[in-house]
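Here's the structure we're looking at; comments come further down.
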Amino acid sequence: MNNSRAIGVFDSGLGGLTVAKEIIKLLPYEDIVYFGDTGRVPYGTKSPETIKKYTRQDESFLLSKNVKLIVAACGTVSSVAGDVSKKLPVPFIEVISHSVIDAVSATKNKKIGILATAATIKSGAHKKKILELLPEAEVTEVSGTLLVPLVEEGFTDKDDTMVSEAVKRYTDVFIKNGVDTVILGCTHFPVLSDAIAKVLGENVTLINMGVSTARAVKKLIEDNGIGNGNGGSHKFYVSDKGASFSKTASVLLGEKIDELCVETVDLS
Ligand code: DGL
């Protein structure tokens, strides 16, 4: 069965583009509608009530675009607002579950680290799911709050001392606790992979939630027979087009975003 409706992807800002990038790689003929709540980012420092309210609005916007499924490409939304998304009229995929499965199969010493926003760490979502699959796992959780604005400002170079100092400050505890696998539990962090790998060394496996989630999206589409063989267009909506929008968006997506494909919307 062919279904030409788009895949809806949303995030608190532009970090979810790291997930969209992986979906595009695996499913090049799918249309994608992306919404980034750039006017209200970050979500990771806000209360669960506010995150849930924003999530409802983000999802309603995507539904108004007639999407066939919704991907919450945001670690914070996925860990805090899961119950909101249970009521959606279309299939829903979040970024925690599949990355946890990948982390549990990657670890050899059962010591897993989570690097995410404060709200995600406070929710304990990754840890809970890891312990369900691997009860004897030792989980080290770190909220890397300052890493989000660094990425939003385009500071990602592994050789930039400001970047490596910030990464070191947050990830030293992973080395101290001997973790061999770290889930990049915030969708902004895959672009810091090189900087994080440089600090943690090559023996630590980094789990990119975008890669795990894109595989799950592909499977869901195949299992439900809702693939599109003729698409491939990508439309981006944001709630605020800040000064550095194009630069940051291009860093996260890994390709230049055509300004014409970006529209500003007011969700309120
Ligand atoms: N995209 C968010 C996440 O994955 C990080 C940015 C924010 O705090 O809103 O958790």
Scanning the range 9-34 residue by residue, those part of a helix (DSSP H, G or I) and more than 15 Å from the chain's Cα centre (by Cα) turn out to be Lys25, Leu26
Does Lys219 qualify as being more than 16 Å from the ligand (Cβ to nearest atom), in a helix (DSSP H, G or I) and without any contact (Cβ under 8 Å) to a residue 24 or more places away in the chain?
yes
Restricting to the range 42-59, count the residues that are small (Gly, Ala, Ser) and more than 18 Å from the chain's Cα centre (by Cα).
1
Quick one: which of Thr213, Thr187, Thr248, Thr171 is hydroxyl-bearing (Ser, Thr, Tyr) and more than 16 Å from the ligand (Cβ to nearest atom)?
Thr171
Only one of (1) out of contact with any Phe, Trp or Tyr (no Cβ under 8 Å at 6 or more places or on another chain); (2) part of a strand (DSSP E or B) does not apply to Glu202, and that is (2)
Taking the range 138-152 as the search range and keeping residues that are within 16 Å of the ligand (Cβ to nearest atom) and surrounded by fewer than 24 Cβ atoms within 10 Å (Cβ to Cβ), which one is farthest from Gly82 (Cα to Cα)?
Leu150
Here the qualifying pairs (Cβ atoms under 6 Å; residues six or more apart or on different chains; first in the range 66-94 and touching a residue at least 24 places away in the same chain (Cβ under 8 Å); second among the small types (Gly, Ala, Ser) and part of a loop (DSSP other than H, G, I, E, B)) come out as Val67/Ala6; Ala73/Gly16; Cys74/Ser12; Cys74/Gly16; Gly75/Gly185; Thr76/Gly44
Of all residues in the range 154-166, count the ones that are more than 16 Å from the ligand (Cβ to nearest atom) and among the hydrophobic types (A, V, I, L, M, F, W, C).
2
Being in contact with a Lys or Arg (Cβ under 6 Å, 6 or more places away or on another chain), within 27 Å of Asp58 (Cα to Cα) and more than 16 Å from the ligand (Cβ to nearest atom) is the filter here, so list the residues in the range 91-137 that pass it.
none
Name the residue that is modelled with the highest pLDDT, counting only residues in the range 153-163 that are assigned to a loop (DSSP other than H, G, I, E, B) and exposed (fewer than 13 other Cβ atoms within 10 Å of the Cβ).
Asp159
Failed item, numbered, when Lys235 is tested on (1) within 16 Å of the ligand (Cβ to nearest atom); (2) within 19 Å of the chain's Cα centre (by Cα); (3) within 24 Å of Thr55 (Cα to Cα); (4) at pLDDT below 95
(1)
Flag if Ile70 is part of a strand (DSSP E or B), more than 11 Å from the ligand (Cβ to nearest atom) and touching a His at 6+ places or on another chain (Cβ under 6 Å)
no
Selection within the range 1-45 - within 16 Å of the ligand (Cβ to nearest atom), of a type in the set (Lys, Arg) and under 20 Å from Ile207 (Cβ atoms):
Lys21
Report yes if Thr187 is crowded, with 18+ Cβ neighbours inside 10 Å and either part of a helix (DSSP H, G or I) or modelled with pLDDT under 90 (or both), otherwise no.
no
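The values are calculated or read from the model by the stated rules, or taken from the named source; none is laboratory data. Please read all numbers here as calculations on a predicted model, not as lab measurements. Cβ sites come from the backbone with ideal geometry, for glycine too, and all protein chains shown count toward neighbours.
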